[in-house]
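Here's the structure we're looking at; comments come further down.
We did not get these values from a lab; they are worked out from the coordinates using the rules stated. Everything numeric here is computed off the predicted structure, so don't read it as measured data. Positions of Cβ are backbone-derived with ideal geometry, glycine not excepted, and every protein chain shown enters the neighbour counts.
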Amino acid sequence: MHFLIPAAGSGSRMKAGKNKLLIDLEGETLIYWTIKSIFAASSISWIGIIGQPFEKKLLLNSIKHFCNKVEWINGGETRQESVFNGLNSLPKDAEKVLIHDGARCLVNPELIDKCALELEENDAVILATKVTDTIKMVDHKGFIKETPNRKNLWAAQTPQGFLVDKLKKAHKIAIDKNWLVTDDASLFERLNWKVKIIEGDYKNIKITSPIDLKIAKMFLNNPNY
């Protein structure tokens, strides 16, 4: 299975002053922990990191002995552009791909393998967790319009997996129609293509703020929590 990691997070909410994937977490960078988890998955045979050229040396040096086992891909101005660059840089024989946010450094290798397995029978799959909070939909003035049934709500995670040719087609349509999305599954949704949900893990958090970093430290120090 081929694997792509968008790795150009700015760290603005972390107030890090640098790519948040270079932030220290228990003596290693965030991207190091992410890569370590991916290499622990038995289904992955090829990994590409998508980032900005000026950060290439820093990011690759930060993953230590893994740096010679991954391919570097120059990213674009947006996540969407970066993923499209990644798709176009996959080996010619790549039929399926998993895409994973570099800032989700606690992903369980078993869930990566489960996504790869489910992709054998589906065109698109994503990890997600059931929403436990009551969600409110509001108007532009901040007043509640609706309270959707949370039984039907899931919080999207990564990895997300796709047939390569079909995802490339979706991205090309998005370029033609000027669609901007925050994850690749949204492209399939807009085209009314099916995406299967695989129940994920609440530990698979995306590091976006200082409190997330504290939570990640707790999980790393208490793996059975």
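Summary value for the stretch 52-164: 27 percent relative contact order, contacts being C-alpha pairs under 8 angstrom separated by 6+ residues.
Put in order of Cβ neighbour count within 10 Å, fewest first, the listed residues Ser89, Ser37, Ser82 become Ser89, Ser37, Ser82. Where the alpha-carbon atoms of the chain are placed on the principal axes, they occupy 51, 40, 33 Å, in descending order. Ordered by the count of other Cβ atoms within 10 Å of each Cβ, fewest first, Asp101, Asp176, Asp165 give Asp176, Asp165, Asp101. For the chain, adding -39500 (n - 2.57) for each run of n ≥ 4 DSSP H residues and dividing by the number of residues yields -9000 deg cm²/dmol at 222 nm. Could you check which residue among Ile23, Ile73, Ile31 shows the biggest mean-square fluctuation in a GNM of the chain with a 10 Å Cα cutoff? Checking each option, the largest mean-square fluctuation is seen for Ile23. Choose one answer from Cys105, Cys67, Cys115: the residue with the largest mean-square fluctuation in a GNM of the chain with alpha-carbon springs under 10 Å. Comparing Cys105, Cys67, Cys115 in a Gaussian network model of the chain, the most mobile one is Cys67. Taking amide H as placed 1.01 Å from N in the peptide plane, Lys96 has its amide H under 5 Å from the amide H of His2, Val164, each at least 5 places away in sequence or on another chain. Taking θ as phi - 60° and the Karplus parameters 6.51, -1.76 and 1.60, the scalar couplings of the stretch 164-181 work out to 4, 4, 6, 5, 4, 4, 4, 5, 5, 5, 4, 5, 5, 9, 6, 7, 10, 10 Hz in sequence order, x denoting glycine and proline. The residues Lys18, Lys196, when put in order of fewest to most other Cβ atoms within 10 Å, stand as Lys18, Lys196. Averaging the sequence gap over all C-alpha pairs within less than 8 Å and six or more residues apart, then dividing by the number of residues, gives the chain a relative contact order of 23 percent. For the stretch 182-190, the Karplus equation 6.51 cos²θ - 1.76 cosθ + 1.60, evaluated at θ = phi - 60°, returns couplings of 9, 8, 6, 4, 4, 5, 4, 4, 4 Hz by residue, with Gly and Pro reported as x. Of Ile173, Ile44, Ile135, the residue with the greatest mean-square motion in the GNM of the chain, using alpha carbon springs below 10 Å, is Ile135.
Whole-Hz Karplus values for the stretch 198-214 come out as 10, 5, x, 10, 5, 6, 7, 7, 9, 6, 10, 9, x, 5, 4, 5, 5 Hz, taken residue by residue from phi with 6.51 cos²θ - 1.76 cosθ + 1.60 and θ = phi - 60°; glycine and proline positions read x. Maximal additional length on extending the Ile135-Lys214 stretch stands at 25.9 nm, based on 0.36 nm per residue less the C-alpha distance.
Of all DSSP beta bridges located in the chain, what percent are antiparallel, nearest 5?
Details: 14 of 30 bridges.
If we restrict to bridges inside the chain, about 45 percent are antiparallel.
For the stretch 95-178, what does the alpha-carbon gyration tensor say about shape, rounded, prolate or oblate, given a ≥ b ≥ c as the root eigenvalues, a/c under 1.5 as rounded, and a/b over b/c as prolate? Oblate shape, in that a/c is at least 1.5 and b/c is the bigger or equal ratio.
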